[in-house]
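The values are calculated or read from the model by the stated rules, or taken from the named source; none is laboratory data. Just so we're clear, the structure is a prediction, and the values are computed from it rather than from any experiment. All Cβ positions, glycine included, derive from the backbone under ideal geometry; neighbour counts span all protein chains shown.
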Amino acid sequence: MAIDLKKYDEIPIAGVVPGGSTPEMNKTGDWRSERPIWDEETCIQCLQCWQNCPDAAFETEEGEIAGINYDYCKGCGICENICPVDAISMVPEEEGEDE
Amino acid sequence: MSRRQEREVLTGHQVVANAMRQIAPDVVAAYPITPQSEIMEYFAQFVADGEVDSEVITVESEHSAMSACVGSSAAGARTMTATASQGLALMMEIVYIAASMRAPIVMAICNRALSGPINIHADHSDSMAARDSGVIQVYGEDAQEAYDLTVIAQRLAENHDILLPVMVTLDGFTLTHSAQVAQLLQDDAVREFVGEYDPLYPLLDTDNPTTQGPFDMPDYYFEHKRQQVDAIGNAPEKFLELQEEFNQLAGTDYDGLYEGYKLEDADYAMVVLGSTAGTAKDTVDMLREKGEKVGLLKPWMFRPFPAEEIREALEGVEAVAVLDRSLSFGSNGPLYLEISSALSDLDDGPRIYNYTFGLGGRDTTAEDLAGTFEEITDEELEKKMRYIGLRA
């Protein structure tokens, strides 16, 4: 991802972000070293991964886990740890990208 | 026509509290500490009496005081505080953040020695510890200057080319508790001088939302620090402009980043910050009567340091005694380092000597300083740290 780095006199002072900044504007999951892989077949829809995710990386549809939004997942592994049926496994990021 | 009030007998606390009342900040967050407490006691009384409608936030520590000030300033409120010594030390983490968030908080620092051993009396170890925080620092010689500098500081801090905290320092007890003759300005004169605060990015402006104080990765931290270099670099010129404007109001004749006292034709000069400059003036007068060509340079502004102006003022003298009221253990005093650096480009510049004095409120007399002037006339005088008033 190419970033246009600005000079010191081209940016607002003090790190102020005019317009505000929300996760909707900034994808924050670009520094993950491992990514969780969710196995829909094994999942029992207990939603503990959704509840315990420190971000909001678990996507739901009609009250059920529908997938993982990797734009926000930091790869912390809490979901793998919390999952009672091993439906989530952490894999190295490079491998995970192919899946 | 001067818009000063009648001459009064006032303490440093009273003049600063009155300056705050007249400036009428939206928010004042502070925690009591000797020798600052009475500033807040007087100010809280003004609020209780309805003389000023500031929101006073009584917090549980100076760390919280400065944190509340940063939040308030970011919100777009004119914000002030006051502290000293251990309070400033506890505040320090947030002082750096206030400077980096470009929060124009004006704070009175009632200079007091840092522990330990615990001591409540004046020296500059507290404000010097904030030397590199990014705040502007101005030092007052007496209550009058502490008052005048506080009024000027508010405009300086809030200038959009600057937007930085300003510390107005006054020596603990010597200035804070001593009753001196001082003249306040009329209330409306101060109100007109400081005007309405026009925040650049008020967080409460929900029509123009901003995020403030975000995280910087290595790709932007450096650039943001570089902006602070420019911001503080804009302070001297603005300070001079404000002095001129203030002179119109007060009938004063402030005209520089430092005050030179009988310095023009001096062969020997002393450089000292704060109240001891008043003592040094007595010494200069005493020695001048004897025909000795001595003078004083008292920087009003220490951060940013007016190196160029001071070099021009000192380049012609034989020798300079730089008096530090704080130690930088294992090195020279902070003021000495500045003067030494300022004069380092001169081919045939003055001999410069570093003296430490007045730590923990140790009294320094006009006679002590006469001895210092006497000592630096010796061309063979060894360069090493010297101590005024120390039993050795």
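Before we move on, is B:ALA182 within 25 Å of B:GLN228 (Cα to Cα), outside any loop (DSSP other than H, G, I, E, B) and in the same structural domain as B:HIS124 (by TED's automatic domain parsing)? For B:ALA182, the condition - within 25 Å of B:GLN228 (Cα to Cα), outside any loop (DSSP other than H, G, I, E, B) and in the same structural domain as B:HIS124 (by TED's automatic domain parsing) - is not met.
Which residue, of B:LEU200, B:LEU164, is modelled with pLDDT of 95 or more, surrounded by fewer than 17 Cβ atoms within 10 Å (Cβ to Cβ), within 14 Å of chain A (Cβ to nearest Cβ) and at negative phi? After ruling out the rest, the residue left standing is B:LEU200.
Scanning the range B:344-373 for residues that are charged (D, E, K, R), more than 16 Å from B:LEU314 (Cβ to Cβ) and in contact with an Asp or Glu (Cβ under 9 Å, 6 or more places away or on another chain) turns up just one, B:ARG362. Being outside the structural domain of B:ALA84 (by TED's automatic domain parsing) and either in contact with a Gly (Cβ under 9 Å, 6 or more places away or on another chain) or modelled with pLDDT under 95 (or both), is that true of even one residue in the range B:333-344? Yes, the range B:333-344 contains a residue that is outside the structural domain of B:ALA84 (by TED's automatic domain parsing) and either in contact with a Gly (Cβ under 9 Å, 6 or more places away or on another chain) or modelled with pLDDT under 95 (or both).
Among the residues of the range B:203-237, the ones that are facing chain A (nearest Cβ under 9 Å), under 31 Å from the mean Cα position of the chain (by Cα) and acidic (Asp, Glu) come to 3 in all. Residue count for the range B:1-28 under the criterion of being under 20 Å from the mean Cα position of the chain (by Cα), surrounded by fewer than 24 Cβ atoms within 10 Å (Cβ to Cβ) and not in a helix (DSSP H, G or I): the result is 2. Taking the criterion of being surrounded by 10 or more Cβ atoms within 10 Å (Cβ to Cβ), more than 7 Å from chain B (Cβ to nearest Cβ) and either touching a Pro at 6+ places or on another chain (Cβ under 8 Å) or part of a helix (DSSP H, G or I) (or both), the only residue of the range A:10-24 that qualifies is A:PRO12.
Residues in the range B:374-387 that are of a type in the set (Ser, Thr, Tyr) and within 19 Å of B:GLY316 (Cα to Cα): B:THR377 alone.
The listed residues are B:ILE388, B:ILE376, and the only one of them that is in contact with a strand residue (DSSP E or B) (Cβ under 9 Å, 6 or more places away or on another chain) and within 24 Å of B:GLN137 (Cβ to Cβ) turns out to be B:ILE388.
With the requirement that a residue be surrounded by fewer than 23 Cβ atoms within 10 Å (Cβ to Cβ) and in contact (Cβ under 8 Å) with a residue 12 or more places away in the chain, what does the range B:286-297 give you? Residues satisfying the conditions are B:MET286, B:LEU287, B:ARG288, B:GLU292, B:LYS293.
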